[in-house]
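The structure under discussion appears below in the form of structure tokens.
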Amino acid sequence: MPSPSYCLLILSTMSTPEALRPGRQTHAAKHYVTIRQAVEEHPFLTERWLRRAVAEKRVPYAKAGGILLFALEDIDQFVEARRVEPVP
């Protein structure tokens, strides 16, 4: 079992804001949504298509506790990258 002083060190490190930790880069926080929320936000996507795209590793996602999470910005970029321009 870890000593109490080690636990306090871990807790104090966890509560320190990222910007104050030396040697750490701060990134803009992304807003993650579940698969159903992503489908509600993008009505042209279906849950089935999104799950298949995850299985084929075609869309960026995160997995926490068995739940698929998507950044809406990533889905927007994925869709925009597949945009087809009309022929003049």
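The values are calculated or read from the model by the stated rules, or taken from the named source; none is laboratory data. This one's a predicted model, so the numbers in the text were calculated from it and none came from an experiment. Heads up, the Cβs are rebuilt from the backbone with ideal geometry, glycines too, and the neighbour counts pull from every protein chain shown.
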TODO: Would you mention how many residues in segment 58-88 are under 15 Å from Glu47 (Cα atoms) and among the charged types (D, E, K, R)?
DONE: 1
Open item on the list: Among the residues of segment 36-71, what is the count of those that are aliphatic (A, V, I, L, M), touching an Asp or Glu at 6+ places or on another chain (Cβ under 6 Å) and touching a residue at least 12 places away in the same chain (Cβ under 8 Å)?
Closed with: 0
- [ ] Identify the single condition in (1) exposed (fewer than 10 other Cβ atoms within 10 Å of the Cβ); (2) in contact with a helix residue (DSSP H, G or I) (Cβ under 6 Å, 6 or more places away or on another chain); (3) not aromatic (Phe, Trp, Tyr) that Val59 does not satisfy, given that it satisfies every other one.
- [x] (1)
Open item on the list: I need the helices (runs of 4 or more DSSP H) fully contained in the chain, keeping only those with at least 2 residues that are at pLDDT 65 or above and β-branched (Val, Ile, Thr).
Closed with: 35-41, 72-81
